[in-house]
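A.B. asks: Let me begin by handing over the structure; questions about it come next.
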Amino acid sequence: MNQAIRKKSKPMKPRKIKTQDPNKAIRKSYRRNLRKRVRHSSVKESVGKTIYVVFRQFFKAALVVILITALLLGGIGSGMMVGYITTAQPLNVLQLQNANETSFIYDSAGNEIAKLTGSQNIDREYISYDRFEETYINEAFIAIEDERFETHIGIDYRRIAGALISFAKTLGNPTSGGSTITQQVVKMISGDDQRSAQRKIQEWYNAVRLERQLKKWEIIELYANLIPMGNSYIGLQSASKGYFGKDASELNLAECAFLAGIPNLPGIYNPLTESGRRNAFRRQRIVLGKMLELGRISQDEYNEALETEIRFVTKTISDVSLVVNSYFVDYTINKVKNDLMKERGYSSSLALTTIYNYGVKIHTTQDPVVQSAVDKAFNNEKLFVTDPKLVVDFPEHAQAGMVIIDPTSVQIKAMAGGFGKKEANFVLNRATGIERQPGSTIKPIAVYAPAMDMGLITGSTIIEDKQLFLNKQTPNDPYPKNSYTGFLGNMTVRNALKISSNIVAAQIWMLLGGQNSLDYLKKVGIDRPSENYVSIALGGFNQGMSPLLMASAYTVFPNNGQYSAPICYTSVTDVSGSELLVSAPKFYQVYRPETAAIMNDMLQEPMTPSNTAFGRNGTANGYQINNEKKELITTCGKTGTADGNRDKWFVGYTPYYVGAVWYGYDGRLKTINIPKSDQMNSVRIWHDVMTKIHAKLEPKDFYMPPTVVEAEICISSGKLATDECRAKGNHVVTEYYMENSLLIPTELCDIHLLPTPTPETSVAPTPTSAPTVEPSVLPTAPPLSSPGSSSEVQEEG
């Protein structure tokens with residue numbers, strides 16, 4: 001016997017058989033046949049020998065003529081037939097090991113954070129053949145799905161005759177099939193449900209090979225545990241508990257026939273709907289009739305089953321010992337499932353069965369210290385509701401989602417998907433599963449950094465804050481608007497980022513071009529190809545973002561312009577210790593290192609107070625991070641607000657961590673705008689967590705490449721500062737530039753040399769001075785599409 005197949009220590013005691021009923025003796029014989037290996041060796045067969053067995057059966061059935069005809073009519077030669085078979089992906093018997101091993105999930109320190117068993121997952125619980133073989137479920141499944149299961153080699157040549165004829169008629173694209181139970185198992189393992197001649201032939205081939213590796217009872221066990229049973233229940237045991245509230249070993253004949261009829265069309269035979277239950281009972285009678293016809297039950301048993309009342313549970317059965325896992329564990333399970341499907345070719349059903357039942361060990365990237373800080377913040381009512389009196393009549397509680405990533409390794413260190421105690425598994429995870437408009441947190445990655453990387457702007461570029469009319473749907477209405485009243489005139493790009501000016505961001509986006517903006521977003525994991533509107537410069541997207549997407553995108557700045565998709569686990573091993581999956585970052589360069597370094601300096605501005613003659617505080621002023629020694633940790637960040645204060649965001653980072661927070665209301669019953677007293681709660685949550693996890697960390701600077709040069713400039717002109725600029729007080733700042741950039745200013749400030757300076761708007765930028773952007777004279781500006789319907793975001797910073 002193959003070592004991957006479970007050996008049974010002793011046979012189960014047979015059910016007592018009444019001597020007056022010969023049909024029960026027949027059933028016992030059927031079960032005994034299932035225990036046998038039918039004509040097949042356990043030795044691994046060669047491809048040639050397996051093909052020989054397949055074609056030998058075709059010849060015996062006199063179907064070879066039909067097959068050849070069908071192949072010729074379909075335009076496929078015998079060579080292609082062999083090609084289909086030899087290119088079929090083999091089924092690894094090791095992955096089919098019938099086990100009920102407990103799986104474990106560990107954090108980055110090796111601590112166990114979750115223990116997974118089938119019984120903890122009400123939708124999917126593995127049950128061994130021993131436990132259900134004494135019921136009628138084998139007879140029911142075989143009668144209705146595959147009546148010659150005990151004798152065929154994996155394919156039933158009689159049943160596939162119809163499929164072959166269909167193959168010929170449709171010129172190689174059959175519309176009907178004759179799948180045996182073994183073929184269905186192959187399909188459920190591979191997840192391949194494409195309807196084509198190639199897929200069908202490869203399925204036949206794998207079915208024959210599977211029968212030569214496993215016993216009949218092992219195939220039935222797999223079938224009973226992988227078959228969809230409606231309402232997300234997978235397998236016999238979960239359906240038995242979900243519909244009848246009992247273990248599958250306790251099923252009677254009527255219940256077995258009822259369950260055996262569901263897999264054919266789970267949506268039609270759905271016991272949880274009124275019409276579905278009626279359909280399921282009709283199907284049950286068909287199953288019972290087929291069992292009687294084949295002699296698998298007696299007439300008395302048939303009559304008794306028809307008269308047996310089936311009692312359904314009124315609600316889904318729940319296990320009081322059910323363990324509720326964290327948001328991080330939920331996310332990791334889904335990620336591992338998807339990776340097993342993508343990298344190892346598992347079906348969704350097999351991937352989840354592997355995770356819950358095959359004793360895997362998942363080593364995650366979760367940092368216990370960081371996760372603890374996040375958990376404490378998300379259970380702190382004061383961080384979510386500042387004034388309870390203002391929200392007492394709200395129909396729901398304020399919510400948030402947060403993700404923290406190490407930018408160097410792009411490992412996800414912690415996440416939280418909602419306020420308070422998590423009540424169930426796989427509920428809405430607001431850290432990864434929401435799509436909310438990001439507001440002005442999008443500006444650094446959709447506007448400022450792309451334009452700087454393309455050599456279009458610097459921090460000292462002067463742009464006028466003035467009234468614009470950029471919405472083609474309402475051309476007479478000013479758009480966009482700032483959160484503050486009036487217009488501030490000429491300002492540097494650095495100061496525009498500090499106060500989150502919408503008007504300046506829109507003008508830079510026009511200079512950049514919408515497609516360039518979208519291309520840069522795609523490079524940092526945000527793919528929105530159809531949203532080429534000026535409103536995206538303000539965070540107005542039809543398809544929004546999650547904290548995970550935003551945190552991941554921002555890792556490109558502290559990581560010297562490199563990006564990789566984030567990872568939540570490092571490895572997954574099976575019960576024997578062999579690696580099933582390995583997860584590692586795959587970095588590529590998005591921005592020049594100089595661009596990233598300059599953005600790291602500019603994004604410190606929103607965290608700082610007014611320290612120049614510009615006279616305006618940053619939008620997150622006062623929320624810089626200090627360690628327990630009160631030493632300042634270099635802190636960068638950007639606030640974001642969706643129209644009407646429905647969504648509040650903050651994405652901030654240090655050289656150690658990137659953290660993104662969304663705050664708001666789910667709005668299940670109605671749209672809820674955040675009260676004014678809570679409009680900084682996203683920043684407060686972020687600050688609370690980041691302060692805790694930086695308590696013992698030392699101050700650290702971002703990397704500054706030697707190819708970045710600096711100059712003192714005047715914030716009024718964007719040109720080189722003079723003594724007159726310094727004499728005016730707080731007009732001079734240090735600005736950074738890429739070496740040899742044409743945008744490095746070479747002219748002296750001429751504003752403070754004039755007796756009565758009158759700011760004038762410059763025209764196109766020149767190589768010898770910091771440019772001033774005027775959209776009306778930009779021939780390269782792309783034609784604007786109308787803003788998206790949900791995109792008119794007004795950001796207050």
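A.B. asks: Within segment 709-726, take every residue that is touching a residue at least 12 places away in the same chain (Cβ under 8 Å), open to solvent by 10 Å² or more (accessible area, probe 1.4 Å) and over 12 Å from Ser460 (Cα atoms) and give me the one that is nearest to the chain's Cα centre (by Cα).
C.D. replies: Val709
A.B. asks: A further question on this structure: Can you confirm whether Asp519 is among the acidic types (Asp, Glu), under 30 Å from Ser564 (Cα atoms) and open to solvent by 20 Å² or more (accessible area, probe 1.4 Å)?
C.D. replies: Details: among the acidic types (Asp, Glu): yes; under 30 Å from Ser564 (Cα atoms): yes; open to solvent by 20 Å² or more (accessible area, probe 1.4 Å): yes.
Yes.
A.B. asks: Then there is this: Mind checking which pairs have a first residue in segment 445-465 that is of a type in the set (S, T, N, Q) and a second that is open to solvent by 10 Å² or more (accessible area, probe 1.4 Å) and at pLDDT 95 or above, Cβ under 6 Å, 6 or more apart or different chains?
C.D. replies: If the second residue must be open to solvent by 10 Å² or more (accessible area, probe 1.4 Å) and at pLDDT 95 or above, the pairs left are Thr458/Leu743.
A.B. asks: Any idea which residue in segment 647-670 is nearest to the chain's Cα centre (by Cα), counting only those that are in a strand (DSSP E or B) and of a type in the set (Gly, Ala, Ser)?
C.D. replies: Going residue by residue through segment 647-670, those that are in a strand (DSSP E or B) are 647-653, 658-664.
Add one more test, that the residue is of a type in the set (Gly, Ala, Ser), and what stays is 652, 659-660, 664.
Details: Gly652: 23, Gly659: 19, Ala660: 17, Gly664: 22 Å.
Ranking the qualifying residues of segment 647-670, first place goes to Ala660.
A.B. asks: Here's something else I'd like to know. Yes or no: Gln299 more than 34 Å from the chain's Cα centre (by Cα), free of Cβ contacts under 8 Å to residues at least 40 places away in the same chain and surrounded by 21 or more Cβ atoms within 10 Å (Cβ to Cβ)?
C.D. replies: The answer is no for Gln299.
A.B. asks: When both residues are 6+ apart or on different chains and their Cβ atoms are under 7 Å apart, which pairs have a first residue that lies in segment 479-497 and is over 22 Å from Thr734 (Cα atoms), and a second that is among the charged types (D, E, K, R) and assigned to a strand (DSSP E or B)?
C.D. replies: Close Cβ pairs satisfying both conditions: Phe487/Asp465.
A.B. asks: Name the residue that is farthest from Met402 (Cα to Cα), counting only residues in segment 318-339 that are at pLDDT 95 or above and among the aliphatic types (A, V, I, L, M).
C.D. replies: That would be Val336.
The rows are residues; the columns are (1) open to solvent by 10 Å² or more (accessible area, probe 1.4 Å); (2) among the aliphatic types (A, V, I, L, M); (3) farther than 29 Å from Thr691 by Cα.
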site: Val385; (1), (2), (3): yes, yes, no
site: Asp393; (1), (2), (3): yes, no, yes
site: Thr408; (1), (2), (3): yes, no, no
site: Met415; (1), (2), (3): no, yes, no
site: Gly420; (1), (2), (3): yes, no, no
site: Asn425; (1), (2), (3): yes, no, yes
site: Ile434; (1), (2), (3): yes, yes, no
site: Thr441; (1), (2), (3): no, no, no
site: Gln467; (1), (2), (3): yes, no, yes
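A.B. asks: Which numbered condition trips up Val93, out of (1) at pLDDT below 55; (2) closer than 30 Å to Val575 by Cα; (3) buried (at least 19 other Cβ atoms within 10 Å of the Cβ); (4) of a type in the set (Val, Ile, Thr)?
C.D. replies: Result: Val93 passes all but (3).
A.B. asks: Moving on. Do you know which residues across segment 690-708 are open to solvent by 90 Å² or more (accessible area, probe 1.4 Å) and either in contact with a His (Cβ under 8 Å, 6 or more places away or on another chain) or of a type in the set (D, E, K, R) (or both)? Steps first, please.
C.D. replies: Filtering segment 690-708 down to residues open to solvent by 90 Å² or more (accessible area, probe 1.4 Å) leaves 692, 696, 700-701, 703, 706.
Matches in segment 690-708: Lys692, Lys696, Lys700, Asp701.
A.B. asks: Hey, among Met545, Met550, Met491, which residue is open to solvent by less than 20 Å² (accessible area, probe 1.4 Å), more than 27 Å from Pro609 (Cα to Cα) and either among the hydrophobic types (A, V, I, L, M, F, W, C) or touching a Cys at 6+ places or on another chain (Cβ under 8 Å) (or both)? Let's see the steps before the verdict.
C.D. replies: Numbers: Met550 fails: more than 27 Å from Pro609 (Cα to Cα); Met491 fails: more than 27 Å from Pro609 (Cα to Cα).
When all the criteria are applied, what remains is Met545.
A.B. asks: Residues in segment 590-600: is at least one within 29 Å of Phe419 (Cα to Cα), part of a loop (DSSP other than H, G, I, E, B) and modelled with pLDDT of 95 or more? Before you say what the answer is, go through the steps one by one.
C.D. replies: Here is the first cut: in segment 590-600, the residues within 29 Å of Phe419 (Cα to Cα) are none.
The answer is no, given that none of the residues of segment 590-600 is within 29 Å of Phe419 (Cα to Cα), part of a loop (DSSP other than H, G, I, E, B) and modelled with pLDDT of 95 or more.
A.B. asks: Please find, within segment 673-701, the residue that is nearest to Tyr591 (Cα to Cα) out of those that are out of contact with any strand residue (DSSP E or B) (no Cβ under 8 Å at 6 or more places or on another chain) and assigned to a loop (DSSP other than H, G, I, E, B).
C.D. replies: The initial filter retains those residues of segment 673-701 that are out of contact with any strand residue (DSSP E or B) (no Cβ under 8 Å at 6 or more places or on another chain), namely 673, 675-677, 684, 688, 692, 695-696, 698, 701.
Imposing the further condition that a residue be assigned to a loop (DSSP other than H, G, I, E, B) reduces the set to 673, 675, 695-696, 698, 701.
Values: Asn673: 36, Pro675: 38, Ala695: 31, Lys696: 31, Glu698: 27, Asp701: 19 Å.
Only one residue fits best here, namely Asp701.
A.B. asks: Being touching a Leu at 6+ places or on another chain (Cβ under 6 Å) and either over 26 Å from Ile405 (Cβ atoms) or surrounded by fewer than 21 Cβ atoms within 10 Å (Cβ to Cβ) (or both) is the requirement here; does Asn502 meet it?
C.D. replies: On the way: touching a Leu at 6+ places or on another chain (Cβ under 6 Å): yes; either over 26 Å from Ile405 (Cβ atoms) or surrounded by fewer than 21 Cβ atoms within 10 Å (Cβ to Cβ) (or both): yes.
Yes: the conditions hold for Asn502.
A.B. asks: In segment 625-646, how many are open to solvent by less than 50 Å² (accessible area, probe 1.4 Å) and assigned to a loop (DSSP other than H, G, I, E, B)?
C.D. replies: 4
A.B. asks: Condition (residue is open to solvent by 10 Å² or more (accessible area, probe 1.4 Å), acidic (Asp, Glu) and under 33 Å from the mean Cα position of the chain (by Cα)) applied to segment 445-457: is it met by at least one residue?
C.D. replies: There is at least one residue in segment 445-457 that is open to solvent by 10 Å² or more (accessible area, probe 1.4 Å), acidic (Asp, Glu) and under 33 Å from the mean Cα position of the chain (by Cα).
A.B. asks: Within segment 246-295, track down each residue that is of a type in the set (Asp, Glu) and open to solvent by 60 Å² or more (accessible area, probe 1.4 Å).
C.D. replies: Pass one, segment 246-295, residues of a type in the set (Asp, Glu): 247, 250, 255, 274, 293.
Within segment 246-295, Glu250, Glu274, Glu293 meet the criteria.
A.B. asks: Any residue that is touching a residue at least 60 places away in the same chain (Cβ under 8 Å) and either of a type in the set (Asp, Glu) or in a loop (DSSP other than H, G, I, E, B) (or both) - is there at least one of those in segment 501-508? I'd like the intermediate steps shown before the answer.
C.D. replies: We begin by selecting, within segment 501-508, every residue touching a residue at least 60 places away in the same chain (Cβ under 8 Å); these are 502, 505, 507-508.
From what is left, the residues that are either of a type in the set (Asp, Glu) or in a loop (DSSP other than H, G, I, E, B) (or both) are none.
No, every residue in segment 501-508 fails to be touching a residue at least 60 places away in the same chain (Cβ under 8 Å) and either of a type in the set (Asp, Glu) or in a loop (DSSP other than H, G, I, E, B) (or both).
The values are calculated or read from the model by the stated rules, or taken from the named source; none is laboratory data. Quick caveat: nothing in here was measured; it's all calculated off a predicted structure. As a convention, Cβ positions derive from the backbone with ideal geometry for all residues, glycine included, and neighbour counts pool all protein chains shown. Side chains included, ligands, DNA and RNA excluded: accessible areas come from the protein's heavy atoms. Shrake-Rupley method; radii C 1.70, N 1.55, O 1.52, S 1.80 Å.
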